[in-house]
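Written below as structure tokens is the structure these notes are about.
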Amino acid sequence: MLDVASDAVDAAVRSIEDVLSVDPRDLECKGRAFQNWLNRYAADLLKQSADGETKIRIRTLLSEIKSGPGEYAPEIVNYGYIAWCDAGRDPASFREAHIEFDTADGSKIVKARQLLAQVRDDILRIPG
């Protein structure tokens, strides 16, 4: 548990460093919304190859269940997807991206589309 807390503190420090070092030209190139999402969740776009394969590393502690420690991973990835699309990027590239993030149980790598499907399922289950 101490390692997880230490990793969370390190991620927060890196996130602050990233915010302070943002080049205004990067904001224009990547899109403000997506850059803000990257900064807020201490995320990195690790690779986006010519064949469309994308990997995103989120350094903020996330949870796979709503009641777990950390923010709910599907919602955070959904925010990233919206920002990605707002920046004019190909939505299919994000949906097929590998998302790597830390949970209280360790590191996870999943396809974005799996997390996005969970958000849609949650919305459909809302009573009323």
Region 64-75, subset of a type outside the set (A, V, I, L, M, F, W, C) and surrounded by fewer than 19 Cβ atoms within 10 Å (Cβ to Cβ), residue nearest to K108 (Cα to Cα): E64
Every residue from region 99-121 that is under 16 Å from Q48 (Cβ atoms) and either assigned to a loop (DSSP other than H, G, I, E, B) or in contact with a Leu (Cβ under 9 Å, 6 or more places away or on another chain) (or both): I99, E100
So G68, is it in contact with a strand residue (DSSP E or B) (Cβ under 8 Å, 6 or more places away or on another chain), assigned to a loop (DSSP other than H, G, I, E, B) and among the small types (G, A, S): yes
Region 40-81, subset within 11 Å of the chain's Cα centre (by Cα) and of a type in the set (V, I, T), residue farthest from A117 (Cα to Cα): T60
Filter result (surrounded by fewer than 17 Cβ atoms within 10 Å (Cβ to Cβ) and at pLDDT 95 or above) within region 76-107: H98
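The values are calculated or read from the model by the stated rules, or taken from the named source; none is laboratory data. Just so it is clear, the structure is predicted and the values come from calculations on it, not from any experiment. Note that we place each Cβ from the backbone using ideal geometry, even for glycine, and neighbour counts take in every protein chain shown.
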